[in-house]
Structures are given as structure tokens and as C-alpha cells.
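Novice: Take a look at this one; I'll ask things after.
The values are calculated or read from the model by the stated rules, or taken from the named source; none is laboratory data. Values in this document were obtained by computation on a predicted structure and should not be read as measured data. Cβ atoms come from the backbone with ideal geometry, glycine included; neighbour counts cover every protein chain shown.
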Amino acid sequence: MANHELEIEVLRRMTPEQKLAVMRSLIRQAYALKAAGIRALDPELSDQEVQLRARGEVEGVSIWLAPIEYVIVRKLEYFRASASERHLRDVAMMLRISGPLVESSAL
């Protein structure tokens, strides 16, 4: 029996819970590899910043994206440091537009 046939047979015999555990393990490994790559490119980032970074594309241009919760927290920190009302207006607009999508536990 060839290796790929053996692998298919093993997968067929696994329970759904076992398959889910394997998928979760693969996802964790992929995230760890991604984090190592990001860390290599920008060693000054905090662990949280590394975990939150994601690549996106806008009109053919590759950009880094951050979750809205991260942006809100940073805007509030900037407000505290500068007292600029602009940051509060930005947060209010983000919550008005994306409020239901914001994970309040992440704030």
C-alpha cells in the first residue's frame, strides 16, 4: 500500500473529533510559522502585534491589516496621550459602523 493510500485509510478510520483535533494542530502550526515570519521581518513588534497582523489586498496593493478591536484600543491610548478629540470621533465612527462585529472581550 502506498503512503497516500495509507494516509487516506487512517483518515477514514478517524472519528470526527480526531479529525478536528488534527485540523486544529495544523492550524496552530501554520500560525506559529506565520508568527515566526512576521517576527523575522519586524522584530520590534510585541507578541500581541505579531498575533494580530494579517495581510490583505486593496486594489492590488498588499497591506497589513489589524483587527478593529486592536485599532480601537490604540486610538484610545493615543487619545489619552494627546487629548485629541479626533481619536474619540474615530472610535465612535468605528463602533457606529462595525459595532456588532466588535468583540468587546478583546477591548
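Novice: Please indicate, with yes or no, whether at least one residue in the stretch 63-71 is farther than 30 Å from G99 by Cα and loosely packed, with under 13 Cβ neighbours inside 10 Å. Break it down into steps so the answer makes sense when it comes.
Specialist: Here is the first cut: in the stretch 63-71, the residues farther than 30 Å from G99 by Cα are none.
Within the stretch 63-71, not a single residue is farther than 30 Å from G99 by Cα and loosely packed, with under 13 Cβ neighbours inside 10 Å.
Novice: Follow-up question, since we're still on this one. Can you say whether A40 is within 29 Å of V71 (Cα to Cα) and either touching a Gly at 6+ places or on another chain (Cβ under 6 Å) or at pLDDT 85 or above (or both), as far as the supplied structure shows? Steps first, please.
Specialist: On the way: within 29 Å of V71 (Cα to Cα): yes; either touching a Gly at 6+ places or on another chain (Cβ under 6 Å) or at pLDDT 85 or above (or both): yes.
Yes: the conditions hold for A40.
Novice: Here is a further query. How about the stretch 1-59: which of its residues are of a type in the set (V, I, T) and either surrounded by 11 or more Cβ atoms within 10 Å (Cβ to Cβ) or in a helix (DSSP H, G or I) (or both)? Write out each step before concluding.
Specialist: Initially, the stretch 1-59 is screened for residues of a type in the set (V, I, T), giving 8, 10, 15, 22, 27, 38, 50, 58.
I8, V10, V22, I27, I38, V50 - these are the residues of the stretch 1-59 that are of a type in the set (V, I, T) and either surrounded by 11 or more Cβ atoms within 10 Å (Cβ to Cβ) or in a helix (DSSP H, G or I) (or both).
Novice: Take R74 and decide whether it is in a helix (DSSP H, G or I) and either modelled with pLDDT of 85 or more or touching a strand residue (DSSP E or B) at 6+ places or on another chain (Cβ under 7 Å) (or both). Don't jump to the end; show me each part of the working.
Specialist: On the way: in a helix (DSSP H, G or I): yes; either modelled with pLDDT of 85 or more or touching a strand residue (DSSP E or B) at 6+ places or on another chain (Cβ under 7 Å) (or both): yes.
Judged against the criteria, R74 is a match.
Novice: Go through L45, L52, L107 for me and flag whichever is at pLDDT below 80 and under 13 Å from the mean Cα position of the chain (by Cα). Outline the logic, then answer.
Specialist: Working: L45 fails: under 13 Å from the mean Cα position of the chain (by Cα); L107 fails: under 13 Å from the mean Cα position of the chain (by Cα).
Testing whether each residue is at pLDDT below 80 and under 13 Å from the mean Cα position of the chain (by Cα) leaves just L52.
Novice: Which numbered condition in (1) over 25 Å from E103 (Cβ atoms); (2) surrounded by 12 or more Cβ atoms within 10 Å (Cβ to Cβ) is the only one that F79 fails?
Specialist: (1)
Novice: Which ones in the stretch 77-107 are aliphatic (A, V, I, L, M) and farther than 15 Å from P67 by Cβ?
Specialist: Applying the first criterion (aliphatic (A, V, I, L, M)) to the stretch 77-107 yields 81, 83, 88, 91-95, 97, 101-102, 106-107.
Passing the criteria: A81, A83, L88, A92, M93.
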